[in-house]
Amino acid sequence: MAPTKEDRSGAPHETVLPEPAPDSSKTLSLQPSGGVKVGEDDIVVLHEVKKSFGEQEVLKGISIVAHRKETTVIIGGSGAGKTTLLRLIVALDRPTSGQILVEGEDISRLGERDLNRVRKKFGMVYQYAALLDSITVLENVAFPLVEHTKLSKKEIRERVMDKLEILGLDPKVVSSKFPSELSGGMRKRVGLARALMLEPPILVYDEPTSGLDPLTSRMVDDLIEEMRERFGVTSLVISHDIASCFRIAHQAVLLINGRVEACGTPDALLSSDSQIARDFVRQSGVDVASLTRVSR
Ligand SMILES: Nc1ncnc2c1ncn2[C@@H]1O[C@H](COP(=O)(O)OP(=O)(O)O)[C@@H](O)[C@H]1O
Ligand SMILES: [Mg+2]
């Protein structure tokens, strides 16, 4: 049971809290955590999260609930605060105030050692797969295991080969290649293999379709859905791509100027009370009625 705020008053952020029980995910059901009610399937919960940089308040009280094994897409224009929000969720930064619960645990005041443990729950998938070009596919995908585990070289190699195969790549052919020798689609799969290496419950995609042509964007949307179905992961997608949002989101969260302007199914954005939300969809120029949803 995490200590309450009162217990910890005056304690510096660096204080290392005791490690919770290994299967803490099973104990989270409906227990109030610092006043926030969390259901069993509420895998990521943000409550009144604020973030300032100096004088500038970038996030102005964000409350979001992401459900387990669903896809939540956070959309918004440039400068809305999407990247800032993402960094708070994956425990790379702390909020100025408010609470962030990951599998029921409030991570907003954790010390560095605990934050490291929390970070392993998130597999990060970057826009251009973000593979290192100077090392082989094997070394790229092995990276999280080298970084976070004490497995032997042989074990790491075996796990990497397995993962490549699971993702539909021929490990014998692909593992010794350099990223530049692969097609865009294969690079995406290698990036996913790396993100899945520590078997995280949550995959986080930062602008996965940004800068891609419509056909490749659709392929990436299919891939996001495939990962969710095959590995039972929860997907958090940061995007400004309305078409992608309508294809993959169970829940769309529209972030405008550091606030949640609207939240619900993508279709609900169209009929939202918020004129800003309706305009955001309309002004994207995307004919959302013509989009085919990725199967779910
Ligand atoms: N580390 C930082 N220091 C100061 N300002 C920042 C920092 N990170 C983001 N900002 C500011 O926060 C605002 C939102 O940025 P960001 O979260 O990157 O938006 P988005 O990803 O939606 O484009 C911008 O005005 C940006 O300048
Ligand atoms: Mg950004």
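Bear in mind that the values in this text are calculations on the coordinates, not laboratory data. Just so we're clear, the structure is a prediction, and the values are computed from it rather than from any experiment. Backbone-built Cβ (ideal geometry, glycine too); neighbour counts: all protein chains shown.
Quick look at the numbers
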read-out	value
Interchain or long-range residues, amide H under 5 Å from Arg68's placed H	Asp42, Ile43
For Val49, distant residues with modelled amide H under 5 Å away	Gly61, Ile62, Ser63, Gln99
Euclidean distance between Cα centres, segment 257-296 to segment 178-222, Å	24 Å
Cross-link pairs Lys50/Lys120; Lys60/Lys150; Lys82/Lys120; Lys51/Lys120; Lys50/Lys163; Lys50/Lys150 - those with Cα-Cα distance over 31 Å	Lys60/Lys150; Lys50/Lys163; Lys50/Lys150
Peptide ranges 152-160, 224-232 listed from the most packed, as the mean C-beta count within 10 angstrom indicates	224-232, 152-160
Only Lys, Arg (+1) and Asp, Glu (-1) charged, at Cβ; the chain dipole about Cα centre in debye	400 debye
Normalised contact order of segment 134-199, rounded percent, pairs of Cα under 8 Å and 6 or more residues apart	49 percent
